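Okay, structure first, notes after.
No value in this document is a laboratory result; all are computed from the given coordinates. As the structure is a computational prediction, the values presented were derived from the model and not from experiment. Quick reminder, even Gly has a Cβ in these numbers, built from the backbone with ideal geometry, and neighbours come from all protein chains shown.
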Amino acid sequence: MKISVLGDGGWGTTLSILLHTKGFRVKLWGAFSNYIDYLKKKRINSRFLSGIKIPRGLEITANLKDATEAEDLIVLAIPSQHLRRILKRLKKYNIDKKTAFLSVTKGIEINSLMRMSKVIEEELGNVRLAVLSGPTIAYEVARKIPTTAVIASSDKRLRQKLADVFSSDYLRVYTNSDVIGVELGGTLKNIIAIACGISDGLGFGTNTKAALLSRGLAEISRLGIKLGARQATFSGISGLGDLVTTCVSPFSRNRSLGEEIAKGKSLKEVVRSMQMVAEGVPTVKAAYQLSRKYKVKMPITCEIYYVLYKNKSPRQAVKDLMTRELKEE
């Protein structure tokens, strides 16, 4: 089986290594040729996945045309706000109609307010498509720490086949037909992770984090159901599971970003200092716009939007959340 992974970040690299060790012919593509040359030589992705060796047999390339010659599967591990641009380049090449695509990106495109699967369909047409999400901190998976994930697709045979491709003795992959719910659960939880980081940065305790997790899941579910997802999906791996991991892990970029914001740094300062993309930053803006468009109450999301984009004090945001009109749970 020939597989290409587009995106040399921590998750793309981790999945490439996993697939290679399972015996598949894998190519890992990155956009910056200088860094690809470094990866070829050092065989360690020190920028995004420090300490994890990249096997010699795993091919690494900066040539997108070469990477798209995979006949079986193309994995899209590209940051959400750059995905469309890469897809437009893909359209120039003669990709086999039998080739399946798997999106592992957790985000919403700001300009269109589209989920990643919809961006892919808009650019590539009616391709065989699935999405993968779940509580999958790349560094933990790369270290073979037991992990679960979920693959969603409207194509039952495709999602079952891909679950078998990616499952191992340390990664157990479930299947789901609810593409909307799986994508939104994995995406919107990053907003709540930023909120939990702010809570940590302000020195609050587990009571506060529990409140953010439970009420955050409530507003994620409200928006998801409004957009066509099933409520049960948000109690699963890509909902509650991913939410818990991202909100408590020391490796969570979004939680760490929130912590730095609470300590007084500006959004620009924090983003500039980060090697990896914190998908929660654009997701906050997109979710805020979606909540207004569909008239869905998302108080935590709204306050995080005001903190990140309107320079609202994190402490004032907490006070405003706590003193809202009382209501039934």
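Give the residues of the stretch 225-262 whose amide nitrogen is closer than 13 Å to a point set 7 Å from the Cα of residue 294 in the direction of its Cβ. Label zone hits: 225-231, 234. Every helix of 4 or more DSSP H residues in the chain counts as -39500 (n - 2.57), and over all residues that averages to -15000 deg cm²/dmol at 222 nm. Once C-alpha pairs closer than 8 Å and six or more residues apart are averaged by separation and normalised to the residue number of the stretch 2-177, the relative contact order reads 19 percent. Packing, as the average of other Cβ atoms within 10 Å across residues, places the peptides 4-16, 82-94 in the order 4-16, 82-94, highest first. If a spin label sat at a point 7 angstrom from the Cα of residue 154 along the line to its beta carbon, the backbone N atoms of the stretch 162-200 nearer than 17 Å would be those of 176-184. Summing charges over neighbours of residue 270, with a neighbour being any other residue whose Cβ is under 13 Å away from its Cβ, gives +3 when K and R count +1 and D and E count -1. A simple spin-label model places the labels of residue 168 and residue 112 3.2 nm from each other, with each point 7 Å out along Cα-to-Cβ. If a/c stays under 1.5 just call it rounded; otherwise compare a/b with b/c (prolate if a/b is bigger, oblate if not). Do that for the stretch 1-70, with a ≥ b ≥ c from the square roots of the Cα gyration tensor eigenvalues. Verdict is oblate for the stretch 1-70.
Computed 3J(HN,Hα) for the stretch 76-85, one whole-Hz value per residue from the Karplus formula 6.51 cos²θ - 1.76 cosθ + 1.60 where θ = phi - 60°, is 9, 10, 9, x, 4, 7, 10, 4, 4, 4, glycine and proline marked x.
Evaluated at q = 0.23 Å⁻¹, the base-10 log of the normalised Debye intensity for the stretch 133-252, with identical point scatterers placed on the Cα atoms, takes the values -1.24. Helix 10-21 against the longest principal axis of the chain: what's the angle in degrees, Cα atoms only, rounded to the nearest 10? Its long axis makes an angle of about 40 degrees.
Going highest first, how would you order 307-315, 281-289 by mean Cβ packing within 10 Å? Spell out each step's value before the answer.
Working: 307-315: 15.6, 281-289: 21.8.
Per-residue Cβ counts within 10 Å, averaged per peptide and sorted highest first, yield 281-289, 307-315.
Where Lys and Arg each count +1 and Asp and Glu each count -1, what net charge lies around residue 92 among other residues with Cβ under 12 Å from its Cβ? Don't skip to the answer; put the middle values down first.
Numbers: positive: 65, 88, 89, 91; negative: 123.
Summing Lys and Arg as +1 and Asp and Glu as -1 gives +3.
Filter the cross-link list 65/98; 263/312; 226/312 down to pairs whose alpha-carbon distance in this structure exceeds 23 Å. Don't jump to the answer; show the numbers that get you there.
Details: 65/98 17 Å; 263/312 13 Å; 226/312 28 Å.
Over 23 Å Cα-Cα: 226/312.
The residues packed around residue 62, meaning those with a beta-carbon under 10 Å from its beta-carbon, carry a net charge of -2 if Lys and Arg are +1 and Asp and Glu are -1. Here's how it looks for residue 100: its modeled amide H is under 5 Å from those of 73, 74, which are all 5 or more places away or on a different chain.
Here's how it looks for residue 28: its modeled amide H is under 5 Å from those of 5, 59, 60, 61, which are all 5 or more places away or on a different chain. Annotation: amide H-H contacts under 5 Å for residue 174 (H modelled 1.01 Å from N, sequence separation of 5 or more, or interchain): 149, 150, 151.
Considering only Cα-Cα distances, which of the following residue pairs are longer than 25 Å: 156/297; 88/297; 209/297? Too far apart for the 25 Å limit: 156/297; 88/297. Put simply, the chain fits an ellipsoid with semi-axes of 33, 22, 18 Å; these come from the alpha carbon gyration tensor as the roots of five times its eigenvalues, largest first. Positive end of the dipole of the stretch 180-322 (Cβ unit charges, origin at the Cα centre): among 316, 213, 201, the Cα lying farthest that way belongs to 316. If both residues of a DSSP beta bridge must be in the chain, then about 15% of such bridges are antiparallel.
Distance from the alpha carbon centroid of the stretch 276-322 to that of the stretch 144-164 works out to 31 angstrom. Here the simple spin-label model places points 7 Å from the Cα toward Cβ, and for residue 266 and residue 325 these points are separated by 3.7 nm.
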